[in-house]
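The values are calculated or read from the model by the stated rules, or taken from the named source; none is laboratory data. The model shown is predicted, which means the values in this text are computed figures rather than measured ones. Neighbour counts are summed over all protein chains in view; Cβ atoms, including those assigned to glycine, are modelled from backbone coordinates with ideal geometry.
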Amino acid sequence: MWKTALKPRWIAGFIFAIAVSGVFVLLSQWQFGRSTSPEMPVNPDTEKVQPLTDTLQPGEFFHGSDADQMVSATGTYDPAKQVLVPGRLHDGKTGYWVVSAFAVDGAPALTGSAASPRTWIPVARGWVADSAEATAPPSGSVQVTGRLLPSEAPLAGKAANPGEATAVSVAELINDWEISSYPGFVAATAEVVGGTDVSAAAVPGDLLPLEIGPQPPAQQINWLNLFYSLEWVVFAGFAFFIWWRLVKDDYHRDLEDALDGHAEPHEPEQQPGTTRQPEHTEQKVQP
């Protein structure tokens, strides 16, 4: 079999099968890539800063279309309402998010919130490596700009230390701070006081900026393209199968030719119902 496969024409055929199967594999990779590509690119509209009061309303459900939207709001921080959220990564290091309560000017008050007539929103101001490095929020009127994100789910149990929260959970924070809040939080990128940016991104210090970018849309599987990618793999294997089948047929032909060349002549078989005539030899009669 190997002797037949090493014939020049079948070596050339094997090289051709490799080339054809390689094209099929590339087509399979292309189809597989299309089967898992996002249907839509990142929405550039989320990077256009919009007023928070026009984007989200307190007491309403947080819509997925509002997530990642860059928003701005003017208001004041309450330094007494600040927590640290542990277990947050920054450049491979574990530390804390500094989250402060921000009272939004012009935000509608929720019904039944007489104890806290103002409406607040948690603002993740930055990241610190150690809890002792957390600084108080800027005082006075502050214009906050940042990315609007949905509330996180609280973790089971209580925070390990006082002044900490298990997550940036609105449900958890409004109970601790006794306030009415928007159903989300803002990851700050700028905090402007009197025309000067005093945020972690502008002022060097222990408080580092979060730098949370827009999240890409969830990938959706296109089952038709996935089927096509598997189909091209089958075609690649079929190219080698055809080559192997042709070599095998040629090998069998070589065997048949070899058997025919070494066959010996034999007497014809006697047909049934006939008698074999004895052979006679002429004898010379001596005079």
Identify the single condition in (1) at pLDDT 95 or above; (2) over 20 Å from Val193 (Cβ atoms); (3) surrounded by fewer than 20 Cβ atoms within 10 Å (Cβ to Cβ) that Trp127 does not satisfy, given that it satisfies every other one. (3)
Qualifying residue in the range 165-188 (condition: assigned to a loop (DSSP other than H, G, I, E, B), over 32 Å from the mean Cα position of the chain (by Cα) and surrounded by 13 or more Cβ atoms within 10 Å (Cβ to Cβ)): yes
Which of the residues belonging to the range 179-218 are of a type in the set (D, E, K, R) and modelled with pLDDT under 90? Glu211
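In the list Ser151, Ser141, which residue meets the criterion of being assigned by TED's automatic domain parsing to the domain that holds Gln82 and touching a Phe, Trp or Tyr at 6+ places or on another chain (Cβ under 7 Å)? Even if it seems obvious, please write down each step before you answer.
Numbers: Ser141 fails: touching a Phe, Trp or Tyr at 6+ places or on another chain (Cβ under 7 Å).
Answer to the selection: Ser151.
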Look through the range 189-203, keep the residues that are in a strand (DSSP E or B) and hydroxyl-bearing (Ser, Thr, Tyr), and return whichever of them is nearest to Pro138 (Cα to Cα). Thr196
Determine whether the range 143-151 contains at least one residue that is assigned to a loop (DSSP other than H, G, I, E, B) and either crowded, with 18+ Cβ neighbours inside 10 Å or of a type in the set (Val, Ile, Thr) (or both). yes
Would the range 32-47 turn up any residue that is modelled with pLDDT of 85 or more and out of contact with any Gly (no Cβ under 9 Å at 6 or more places or on another chain)? yes
So, in the range 122-140, of the ones that are hydrophobic (A, V, I, L, M, F, W, C) and touching a strand residue (DSSP E or B) at 6+ places or on another chain (Cβ under 9 Å), which residue ends up nearest to Asp78 (Cα to Cα)? Ala136
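Which residue out of Asp105, Asp91 is without any contact (Cβ under 8 Å) to a residue 40 or more places away in the chain, surrounded by fewer than 17 Cβ atoms within 10 Å (Cβ to Cβ) and touching a helix residue (DSSP H, G or I) at 6+ places or on another chain (Cβ under 9 Å)?
Among Asp105, Asp91, only Asp105 is without any contact (Cβ under 8 Å) to a residue 40 or more places away in the chain, surrounded by fewer than 17 Cβ atoms within 10 Å (Cβ to Cβ) and touching a helix residue (DSSP H, G or I) at 6+ places or on another chain (Cβ under 9 Å).
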